[in-house]
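FYI, it's all coordinate maths here, none of it is from the lab. Here the structure is a predicted model, which means the values were calculated and not measured.
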Amino acid sequence: MSDLSVELTAPNGRKYTQPTGLFINNEWMASSKGNKITSINPTDESEIASVHAAEPEDVDRAVEAARAAFKGPWRDMPSTERGDLMYKLSQLVEANKEVLATIETWDNGKPYSVALNEDLAEVSGCIKYYAGYADKIHGQVIDTSPAKLAYTIREPIGVCGQIIPWNYPLGMAAWKLGPALACGNTIVMKAAEQTPLSILFFANLIKEAGFPPGVVNILNGHGRIAGAAIAQHPGIDKVAFTGSTATGKEIMKSAATTMKNITLETGGKSPLLVFDDADLDQAVKWAHIGIMSNMGQICTATSRILVQEGVYDKFVEAFKKQVHQTSKIGDPFHDETFQGPQVTKAQYDRVLAYIEAGKSEGAELAMGGEAYKNVGNGKGFFVTPTVFTNVKSTMRVFREEVFGPFVVIVSFKDEEEALEKANDTTYGLGSAVFTKDIVKAHRLARKIEAGMVWINSSQDSDFRIPFGGVKQSGIGRELGEAGLEAYTNKKAVHVNLGTWL
Ligand code: NAI
Ligand code: MG
């Protein structure tokens, strides 16, 4: 057992017990080959802890446990009791939010105040929201004729594989656990190898809340090993994934072997449109949040800002000023920090490579564009917030997802050109429109090819409202009532009441 947890003291002085094993059947286990993943603090590049990395054999064990729980206590548990357990879990998250936010900040690099007040509020809120749905999911009677009673039953799909990313480790887990549990499914979840720690502390809360063994199983492991094993597993009925478009396509292929139900939430290059008639001050502030919060590591980040010619110069100046004043880079545990490090060296290198790409393609570097080494010991994966202007739609920096504090600003003449540029992308996740003209705003909301449109805001997501993409930004929806669709099948029952042969 000693190998399966470690006593840690976080940089903010908080002491806690960090589990390091695989959480299967409500027990901590070692991985079958003993391989480990070492978690790195992106602020100073130090090692935090090593956790067990699942092999395909370990995925098998987790799937067996999930199947047994599905056939056993979970699926047929009265739905109100299922909701009670979920509500209990949401309360335990609330009670442990400081330690969970501490781990999130330490491992991911996001500012502590954000982890605590935004991420953790979202986690407990989302689980509580779906707890309320657990006993309100029901079928319909469909009236066809007096000779027939036809009705539907909304059944859980079964054992669900859930593969989550590192940008909102606990948030993305909650988005997937909430609807899956409310509908009576069981789960094998894999966390991202870049941020393996917080979900393990969360796993103990699942046990404490009283969930039967095997309902939720949580593994760390490499994508190409444990992730691939989940995506291909014949014992898994559904895969839900958030991450890159390239990996989403891989998962779709793997899932095809056994024709699994899938939901995918993938990349984006979301446009934010600013018209001449917009409230410029508000547009600037939201546009800043839209790309610079969470170090730009947001799938819906509005990373392409399109500004009408009449206000273009004014907008660019005001935006640069806003970045300068607000994007304070620093230790994520310090209160005044707005921007921490990128999550890993790989992501840091990726952002720096896109800065080079922008320069070599002839875009104008209006601001930032450098590694930042003035935090603590001079280490860490910090990048200065970067703004490119004079960007053409053919450039890679206009077309590809960077996933960093990196934005391109482009001008447009009129509504037609704005729409053409906004939709000139293989992605279709978020979008934002700034105008005071409500008719124009709603007209654009219909014509923009995206799963979500924010009118006069950006990143204003809410767990009560559906979230997801079109085009290569994904398949299916999470959150809101729509999120339940992804975790139930509608079975049709036809009862013959009088068609006698
Ligand atoms: P990724 O998509 O490869 O990883 C996300 C998750 O998928 C992780 O849990 C990973 O272990 C798993 N995974 C990887 N390969 C797999 C496979 N073959 N089968 C099953 N699971 C697999 O993303 P990565 O490499 O961490 O980041 C690269 C880029 O992806 C980022 O720069 C960003 O552009 C994008 N990304 C988008 C996210 C979003 O919220 N939509 C989140 C994370 C990354
Ligand atoms: Mg880390």
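Mind listing the long-range amide H neighbours of Ile142? Cut-off is under 5 Å, sequence gap 5 or more, other chains count too, H placed in the peptide plane at 1.01 Å from N.
Residues meeting the amide H criterion: Ala150, Tyr151, Thr152.
Across segment 418-433, in residue order, what do the Karplus-derived ³J(HN,Hα) couplings come to in whole Hz, using 6.51 cos²θ - 1.76 cosθ + 1.60 with θ = phi - 60° and x for Gly and Pro?
4, 5, 5, 5, 4, 8, 7, 7, 7, 9, x, 9, x, 6, 9, 10
Starting from the amide H of Ala49, placed 1.01 Å from N in the peptide plane, find each other amide H under 5 Å away whose residue is 5 or more places distant or on another chain.
Close amide H contacts, sequence-distant or interchain: Ser39.
Tabulate in residue order the Karplus-calculated ³J(HN,Hα) for segment 59-72, using 6.51 cos²θ - 1.76 cosθ + 1.60 with θ = phi - 60°, rounded to whole Hz; enter x for Gly and Pro.
4, 4, 4, 5, 5, 4, 5, 5, 5, 4, 5, 5, 6, x
For every helix of n ≥ 4 consecutive DSSP H residues, a contribution of -39,500 (n - 2.57) applies; sum these over the chain, divide by its total residues, and give [θ] at 222 nm rounded to the nearest 500 deg cm²/dmol.
-10500 deg cm²/dmol
Just round it to a whole percent: the fraction of Cα-Cα distances in the chain exceeding 29 Å.
51
So what are the ³J(HN,Hα) numbers for segment 222-234, from phi and the Karplus equation (6.51, -1.76, 1.60; θ = phi - 60°), rounded to whole Hz, Gly and Pro as x?
Ordered by residue, 3J(HN,Hα) equals 6, x, 6, 9, 6, x, 5, 5, 5, 4, 9, 5, x Hz.
Return the whole-Å distance between the Cα centroid of segment 76-91 and the Cα centroid of segment 142-210.
13
How tilted is helix 198-209 with respect to the longest principal axis of the chain? Cα atoms for both, answer in degrees (0 to 90, nearest 10).
30
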